[in-house]
Amino acid sequence: MNIVGACGHAARRFHLVGHDWGGSLAWAIADRHPQRLASLAVLSRPHPNAFNRALAMPDGDQAHRSRHHKAFLDPDACARLLADDSRWLRERLKANNVPAAAIERHVTMLGDPATMEAALTWYRARGAIRTPLGNTSVPTLYIWGDADDTVGRAAAEATGDFVSASYRFEVLPDVGHFAADQVPDRVSALLLEHIGRNPAT
């Protein structure tokens with residue numbers, strides 16, 4: 001809320017968009033401050049309750065997809081992620097069909113040890129447990145690529161069970177975890193359409 005206020009819109013509703021870690025925060029903000037949001041849009045990261053449900057499934061699919069979360073809690077995580085010219089990060093992005101130019105932009109930012117440590121601090125502060133939230137009560141767009149290697153279909157499809165306002169679930173065929181890099185025009189069109197249907201008045 002302080003960021004919105006600093007932008008001169010402390011009294012106005014706003015549109016919130018989040019991806020992955022930012023998506024987790026977006027779900028939490030929508031839960032705590034629904035009256036401030038005109039709309040919510042989340043890429044990849046399912047509603048925490050849907051995520052928790054999928055993590056507990058006996059097939060172990062989502063638990064396997066999320067195994068890197070616990071690895072990020074290790075004290076030496078930063079060194080391992082950035083070793084050999086950020087090899088892990090580069091291979092992770094490449095496996096998700098992120099264009100080469102976008103990979104370089106990601107690595108330029110996250111390849112700095114201080115920046116990576118700052119990002120990992122959020123994981124460490126949160127811990128391995130995702131606190132359940134209430135149902136999301138603002139208009140929500142959830143975008144998921146069906147080739148996302150970190151979020152399985154069970155968690156993605158269950159997200160709608162925890163949204164009590166208008167809800168759109170958009171599945172992007174053959175798109176991985178980084179949809180905004182892989183199909184930016186499609187993502188932008190979906191976001192603009194969603195925002196247009198839910199004016200911040």
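Going by the structure shown, is A79 small (G, A, S), modelled with pLDDT of 90 or more and under 21 Å from the mean Cα position of the chain (by Cα)? Answer is no for this residue. Report, by residue number, each residue of segment 142-201 that is at pLDDT 95 or above, surrounded by fewer than 19 Cβ atoms within 10 Å (Cβ to Cβ) and hydroxyl-bearing (S, T, Y). Residues satisfying the conditions are S164, S166, Y167, S188. For segment 104-129, the candidate set comprises residues that are among the charged types (D, E, K, R) and either assigned by TED's automatic domain parsing to the domain that holds I29 or part of a helix (DSSP H, G or I) (or both); within that set, the residue that is surrounded by the most Cβ atoms within 10 Å (Cβ to Cβ) is R126.
When segment 131-154 is filtered for residues that are touching a strand residue (DSSP E or B) at 6+ places or on another chain (Cβ under 6 Å) and under 19 Å from E91 (Cα atoms), only G145 remains.
Can you pull out every residue in segment 172-198 that is of a type in the set (V, I, T) and not in a helix (DSSP H, G or I)?
Within segment 172-198, V175, V183 meet the criteria.
Based on what the data block shows, is S66 polar (S, T, N, Q) and at pLDDT below 90?
Values: polar (S, T, N, Q): yes; at pLDDT below 90: yes.
Against the criterion (polar (S, T, N, Q) and at pLDDT below 90), S66 qualifies.
Taking segment 15-67 as the range and being within 12 Å of L133 (Cα to Cα), in a helix (DSSP H, G or I) and in contact with a strand residue (DSSP E or B) (Cβ under 9 Å, 6 or more places away or on another chain) as the test, the residues that pass are S24, L25, A26, W27, I29, A30, D31. Would you check which residues across segment 76-103 are surrounded by fewer than 14 Cβ atoms within 10 Å (Cβ to Cβ) and part of a helix (DSSP H, G or I) and list them? Matches in segment 76-103: A79, R80, A83, D84, D85, R87, E91, K94, A95, A100, A101. Considering segment 135-171, and only residues there that are of a type outside the set (A, V, I, L, M, F, W, C) and in a helix (DSSP H, G or I), the residue that is nearest to A28 (Cα to Cα) turns out to be T159.
Within segment 66-75, at least one residue is surrounded by fewer than 16 Cβ atoms within 10 Å (Cβ to Cβ) and within 21 Å of D146 (Cβ to Cβ).
Please enumerate the residues belonging to segment 129-154 that are closer than 19 Å to A180 by Cα and in contact with a helix residue (DSSP H, G or I) (Cβ under 8 Å, 6 or more places away or on another chain). Within segment 129-154, T140, L141, Y142, I143, W144, G145, D146, D148, D149, T150, V151, G152 qualify.
The values are calculated or read from the model by the stated rules, or taken from the named source; none is laboratory data. As the structure is a prediction and not an experimental result, all values here were calculated from the model. Quick reminder, even Gly has a Cβ in these numbers, built from the backbone with ideal geometry, and neighbours come from all protein chains shown.
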